[in-house]
Structure formats: structure tokens, C-alpha cells
Amino acid sequence: MKQVFLGLFVLMLVGSFAFGAEVFSAQTGFDWLYEQMGTDGSFGNDVSTTALAVAALDSAGYDTILSQEWLDSKISSDACYPSGACDTKATALTVIALNEVQDDSKFDDILSWYESAQSEASVSGGWYLEVITSSSGNCIVSYDLDGILKEIIVPVDAGVFTSCSNSHFLDLDDCLQANLISANPELELNVDCSELDGSVVLTLLYKSSSTYYILSNSNSAEGDFVVPNGCYGKSKSSTCDIESTLYSDWAIKYLGGNINNLVYLKENYDSTNVIRIALIYLVTGEDKYLVDLAELQKSDGSFDRDPYTTALAVLALGNSGDYTQNVDDAKSYLREEQAETGDWGSSAETTAMVLYAAFNDDDITPSEVSIIDDDTDEGDECILDLDCEELYGSSYECNNGLCEVITIGCGTDSDCDSGEVCIDDECIESQCNNDGTCEYPDYDENAYNCASDCYCGDDICDDVESSSSSDYYCAADCGTTSTQTDTSSFVDDEEEGGNGVLIFIVILIILIGLGVGGYFVYKKGYLNSILNKFKKGGSGGSAQQQYSSPTYNPFTNRMPPQQQPRKPF
């Protein structure tokens, strides 16, 4: 009986694995992801998610042109993503996508942005120069700082820097300029020791708490060195962030640039963080990181029991033939985690990473995406410009669901890109030229965006000055409206306005004089004498006594304080 139950248990166990294998479908996953594409080509209107989706779908042969066009619309003038809120990770993932679709047309510009976006890394060690020589003389260390060329003469005696603590190592932050390297990421130094005789070797080093690391050297008396002391924050020149730096360096590798953040990355290396280990391997290609990565794999084949993290680990481990079992186990975990709808965690970003990293080699048949838009008319004939080219030829483009003839040049400003205006059928940049002349409407200059050229009183009524509700409304240039106060009446009718003011001033002076005189008469007691002259009898007492009574004070118009009765003891 026990053998029968054991057999049934084994059959059930095998059946459960077989059922799990049947549920998984890379095809279903790619189709689900493709259906998440919006009518504008984006995935959730998010650059990072759209970039990963493009990379995954393109690797399986799906049409991603609409998504690529959406990504193109999100690039800033500085060549980063997204425009207006550039993010180093989002830009990096876009580079991964562009590399997948083999579009490197923007790579040089994006690399330039990354070079300008670095921050200075906060590291614990120091930066040093070593000159190996047996002769004596001077070396010249030069560098460009804020557009100013600096040249420092450094005496050397048989490799000893006599002007810097008599050390064999020149401290660049102390001996050249205070905080020179710490405050200037990726600074380029030129070292010229041609005055020294014989063999000369120049070496750039980094010293941690106890160890010197050779960063680069030159077997000649002159050499150029770039100090790798940079890092990346989440945005341009912001506080260092380890994962932002890793994603950025991953992209820079595709861009063909130099990785100048390795000191920061290695000082902050965490052998327990899967994502960071996988990324630093993708940046450096050093196999030692894969050893640490493999050790973090769970018994179920996952990494951190998270599909996104596991997929990134697969992407790293898959580059080496030494970890095929680790990769297979990780893929088994990912297969079992797929939902029946084809996704992982209902997340387009996670699903895209899993498909791109683990299953882009599966046999996939790209499908047509079904884009539903309640605002789209049933009569719409196109989604992409390609649809119009197939229907009518290359002279047509898709505009709001309809194929229209491509317009040469422009008719109105709306035909131009953001930041441009249409002048003489040509889109030109709308920028203030600061020439002292308001060129509205020939150029897009007005009192709002070009205050140096356009201003109230320049005899030109531009678009913002003409609106009575605008903060820049100018009656002098544009006239007045019923909602505006006509200040010209106070200026034009000088005689009437002047006489009115004069009369007002005279009356005010008379009133003040009467008040002061009356108060003087009262204080001196003259008022009582005057009133007595007009007195014609009374009920006893003098006028002074009557007006001194506690009944009424004619000058203060209020009752004077009266003595309150005492309380009995």
C-alpha cells in the first residue's frame, strides 16, 4: 500500500511540473507586452518602461516604430530623457533600446550629456602622481579649470617630490591645489617631465586606507591622465547614487565612452546586492563578480525571489559559459512565475526585462497589436506614417488618423516643433536675439520672453501686451479697454488736474489752522471769556463752571471719568 501511495505522489508531482511547463509561453508573454502599447506608442507614458519594451519586442521581431517615434519625441535639447526632467537611468535604458534597434544617430550627443552630467565622487582615499626617475629637475602639471589653463611647476629629485613632504607620491589634492580632484570630476591632467634625463615612467594612482591602486601609467616623460573620480546621481550633477551610476556606465559602454567611475563603484561594492553585482559585471566584464552573483541564487532558482532581479542576473550570467546551470535554474523559476495572461506581476517593465534577458531567443511569431482608442473615429485609416506610405506613397504622412500630403516647410507656428515659429514658410528657432529692437511679429519676441528687446513703451503692441488680462498689458502701446483704468486723464488734462489739487491743499491748510487756533484758545482759557460776553443770564454759576461740569466736554465729545463710590469695609 505504501508503494502505491508513493507512486501516486510521484505521478502527481511529475504532473504538476508538466502542467507548469505547459502554462509557460514566451509567445503569450511577447503578445501581452505588445498589447500594452498605447495609441501614442508609449508604455504607460514612461520612458524607462517604453525603452525596455522596445528592446524586448524588437529582439523578437515585433514592430516598434511607433514606440521609437515616441521616445524620439521625449529627447531634450541636451540629448537626455525625458525632456524637462532628464533622468540618468531612463536615458541609459533608452540607449539600450536604441542599441537594440541599431539606431546610433544620437549616441555622440547622449555621450556628451553624460560627460557633463557627472558629479564628484565622495571616496575615502586620495589621488596621487608618481614619477619614476633617477634624475633631478622640474615637471610641469597643467590642467584646464573653468576655462583657465593652470600650470604648476613641481620639482623632482630622483623620484622624490621635494616641495611636497619629500614623498615619492604627489598628493594632487594638497600639492597642486586644495580639493582639486575632489571638486572636479573627470579632470584631465597633462604631466610634462621632459626636463628629466634618462628613463621616466609616469603613474596615476589611487590610495585607499591601506592599498595603492594603479589607475594608468605612461612609459614616457609626458602623458595625459583623466582622473576617474566621477559618479552619477539620479539627475544631472546631483548627489551620487550607486544604481544610477551603474545604469549610466552600462549605457556609456554602448555609447563608446570611457568609464570613469570605477573607483566610486568599487569602494561602494556590495557583495549581497544582486542588481548591483549584475550591473557592475555588465560594465566591467570581470568574471570575479559572477562568482559572487552565483552564490546569491536561491534554491528555487531565483535571485531575491523577484522576476526583474532574476532576469537581470540571467543577463549577466548568460555572458559566460561557466554558469549554464545557474541560468537554466533561473529560467525555470521565471517560467513558473508567468501569469496565465503572459505577464510577470502585471508589470510591463518587469515583463519586458524578463523577455529581453531570458527568452528573446525563443521561437516567436510577431503579432499585430490591437490598439483601442475611444477617441479614434472608425474612419481613421492610419496609425503610423508607414501606413500612409503603403496606401498612397512616400509623399503622405499620418495626421490624426488620416493620411495627408506632407507639407514642405510650414504654414503656421503649429506646423513647427516646440521652440520654433513659422517665418516665411520656414520653421526657425524662437529665441530672443537681444539686439535692443522688438521684432514682433516677425519673430516670436514679446515682453514676456524677450524683456530686453520688448517692453511697455517701445511703440509695438505685442501679443502679451495687447491682452487686458495679461500682467504685461501696456496701454501706452496698445490703447485702453473698458476693463483698464485710463490713466491718461491724469496726464493730459494738466490744468484741470492741477487746479483741483491746489484747491484741495488750500482747504486742508485752512482746516488745520482753524483746528490749531481753536485748541490754543481753549487751552489758554480765552474761550470762556468770549462765551461770557454772550452770556445773558443763567441758572447760577459761571460759564467756566458750567462747562467744567462732569456732564459734557465739547472738545472731546465724551463724558469725563467720574469717581466711583467706595466699597464698604
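Enumerate the pairs (first residue in the stretch 174-189 and within 21 Å of Tyr232 (Cα to Cα); second residue anywhere and assigned to a loop (DSSP other than H, G, I, E, B)) with beta-carbon separation below 6 Å, excluding pairs fewer than 6 apart on the same chain, so at least 6 apart or on different chains.
Close Cβ pairs satisfying both conditions: Ile181/Val227; Ile181/Asn229; Pro185/Gln118; Pro185/Asn229; Glu186/Gln118; Glu186/Asn260; Leu187/Val227.
Taking the condition buried (at least 20 other Cβ atoms within 10 Å of the Cβ) and at positive phi, does Gly301 pass? Give the derivation first.
Working: buried (at least 20 other Cβ atoms within 10 Å of the Cβ): yes; at positive phi: yes.
The answer is yes for Gly301.
Table: residues versus (1) under 27 Å from Asn99 (Cβ atoms); (2) at pLDDT below 95; (3) more than 21 Å from the chain's Cα centre (by Cα).
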| position | (1), (2), (3) |
| --- | --- |
| Val201 | no, no, yes |
| Asn217 | no, yes, yes |
| Gly257 | yes, yes, yes |
| Asn260 | yes, yes, yes |
| Val263 | yes, yes, yes |
| Ser271 | no, no, yes |
| Ile277 | yes, no, yes |
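Mind telling me which of the residues Ile110, Ile153 ends up being assigned to a strand (DSSP E or B) and modelled with pLDDT of 95 or more? Spell out the reasoning first.
Values: Ile110 fails: assigned to a strand (DSSP E or B).
Every option except Ile153 fails the conditions.
Residue check, Arg276 against (1) basic (Lys, Arg); (2) within 30 Å of Asp104 (Cα to Cα); (3) surrounded by fewer than 17 Cβ atoms within 10 Å (Cβ to Cβ), all met but one. Which one?
(3)
From the set of residues in the stretch 315-334 that are at pLDDT 95 or above and surrounded by fewer than 17 Cβ atoms within 10 Å (Cβ to Cβ), which is nearest to Glu286 (Cα to Cα)?
Thr324
I'd like the residue in the stretch 250-273 that is in contact (Cβ under 8 Å) with a residue 60 or more places away in the chain and surrounded by fewer than 17 Cβ atoms within 10 Å (Cβ to Cβ) and, out of all such residues, is nearest to Ser124 (Cα to Cα). Full working, then the answer.
At the first step, the residues of the stretch 250-273 found to be in contact (Cβ under 8 Å) with a residue 60 or more places away in the chain are 250-252, 254-257, 260-261, 263-264, 267.
Narrowing further to those that are surrounded by fewer than 17 Cβ atoms within 10 Å (Cβ to Cβ): 256, 267.
Numbers: Gly256: 29, Glu267: 8 Å.
Per the stated criteria, the residue is Glu267.
When the residues of the stretch 87-122 are filtered to those that are among the hydroxyl-bearing types (Ser, Thr, Tyr), farther than 19 Å from Leu279 by Cβ and touching a helix residue (DSSP H, G or I) at 6+ places or on another chain (Cβ under 9 Å), which remaining residue is surrounded by the fewest Cβ atoms within 10 Å (Cβ to Cβ)? Walk me through how you get there before you give the answer.
Here is the first cut: in the stretch 87-122, the residues among the hydroxyl-bearing types (Ser, Thr, Tyr) are 88, 91, 94, 105, 112, 114, 116, 119, 122.
Next, from what is left, pick out any that are farther than 19 Å from Leu279 by Cβ: 105, 112, 116, 122.
From what is left, the residues that are touching a helix residue (DSSP H, G or I) at 6+ places or on another chain (Cβ under 9 Å) are 105, 122.
Values: Ser105: 8, Ser122: 13.
That would be Ser105.
Of the conditions (1) touching a residue at least 40 places away in the same chain (Cβ under 8 Å); (2) within 30 Å of Ser122 (Cβ to Cβ), Arg276 fails just one. Which one is it?
Just one mismatch for Arg276, condition (1).
So for the stretch 357-371 (the condition being within 31 Å of the chain's Cα centre (by Cα), under 30 Å from Ile275 (Cβ atoms), at pLDDT 75 or above and assigned to a helix (DSSP H, G or I)), does at least one residue qualify?
yes
For the stretch 225-238, check the following and say yes or no: at least one residue is surrounded by 15 or more Cβ atoms within 10 Å (Cβ to Cβ), more than 30 Å from the chain's Cα centre (by Cα) and of a type outside the set (Lys, Arg). I'd like the intermediate steps shown before the answer.
Taking the stretch 225-238 as the starting set, the residues that turn out to be surrounded by 15 or more Cβ atoms within 10 Å (Cβ to Cβ) are 225-236.
Now narrow it down to the ones that are more than 30 Å from the chain's Cα centre (by Cα): 225.
So of that shortlist, the ones also of a type outside the set (Lys, Arg) come out as 225.
Within the stretch 225-238 (the criterion being surrounded by 15 or more Cβ atoms within 10 Å (Cβ to Cβ), more than 30 Å from the chain's Cα centre (by Cα) and of a type outside the set (Lys, Arg)), the answer is yes, since at least one residue qualifies.
To keep it simple, each residue is scored yes or no on (1) in contact with a His (Cβ under 6 Å, 6 or more places away or on another chain); (2) within 26 Å of Thr88 (Cα to Cα); (3) exposed (fewer than 15 other Cβ atoms within 10 Å of the Cβ); (4) of a type outside the set (Phe, Trp, Tyr).
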| position | (1), (2), (3), (4) |
| --- | --- |
| Ser124 | no, yes, yes, yes |
| Trp127 | no, no, no, no |
| Val141 | no, no, no, yes |
| Leu145 | no, yes, yes, yes |
| Asp157 | no, no, yes, yes |
| Leu172 | no, no, no, yes |
| Cys175 | no, no, no, yes |
| Leu202 | no, no, no, yes |
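Taking Leu202, is it touching a residue at least 24 places away in the same chain (Cβ under 8 Å), part of a strand (DSSP E or B) and not hydroxyl-bearing (Ser, Thr, Tyr)?
Here the answer is yes, as Leu202 does meet what is asked.
Give the stretch 159-170 a look and list any residue that's without any contact (Cβ under 8 Å) to a residue 40 or more places away in the chain and surrounded by 21 or more Cβ atoms within 10 Å (Cβ to Cβ), or say none.
Within the stretch 159-170, the subset without any contact (Cβ under 8 Å) to a residue 40 or more places away in the chain is 159-168.
The one that is without any contact (Cβ under 8 Å) to a residue 40 or more places away in the chain and surrounded by 21 or more Cβ atoms within 10 Å (Cβ to Cβ): Phe161.
Every residue in the stretch 337-356 that is part of a helix (DSSP H, G or I) and touching a residue at least 60 places away in the same chain (Cβ under 8 Å), please.
Of the stretch 337-356, the ones part of a helix (DSSP H, G or I) are 337, 348-356.
Ala348, Glu349, Thr351, Ala352, Met353, Val354, Leu355, Tyr356 - these are the residues of the stretch 337-356 that are part of a helix (DSSP H, G or I) and touching a residue at least 60 places away in the same chain (Cβ under 8 Å).
Kindly establish whether Asp292 is charged (D, E, K, R), modelled with pLDDT of 95 or more, surrounded by fewer than 21 Cβ atoms within 10 Å (Cβ to Cβ) and in a helix (DSSP H, G or I). First the steps, then the outcome.
Values: charged (D, E, K, R): yes; modelled with pLDDT of 95 or more: yes; surrounded by fewer than 21 Cβ atoms within 10 Å (Cβ to Cβ): yes; in a helix (DSSP H, G or I): yes.
Taking the combined requirement at face value, the residue satisfies it.
Taking the stretch 295-310, which residues are assigned to a helix (DSSP H, G or I) and closer than 22 Å to Thr350 by Cβ? Break it down into steps so the answer makes sense when it comes.
Step one: list which residues in the stretch 295-310 are assigned to a helix (DSSP H, G or I), which gives 295, 307-310.
Listed by number, the residues that qualify are Pro307, Tyr308, Thr309, Thr310.
The values are calculated or read from the model by the stated rules, or taken from the named source; none is laboratory data. Computed from a predicted structure; not experimentally measured. Neighbour counts run over all protein chains shown; Cβ positions are idealised from the backbone, glycine included.
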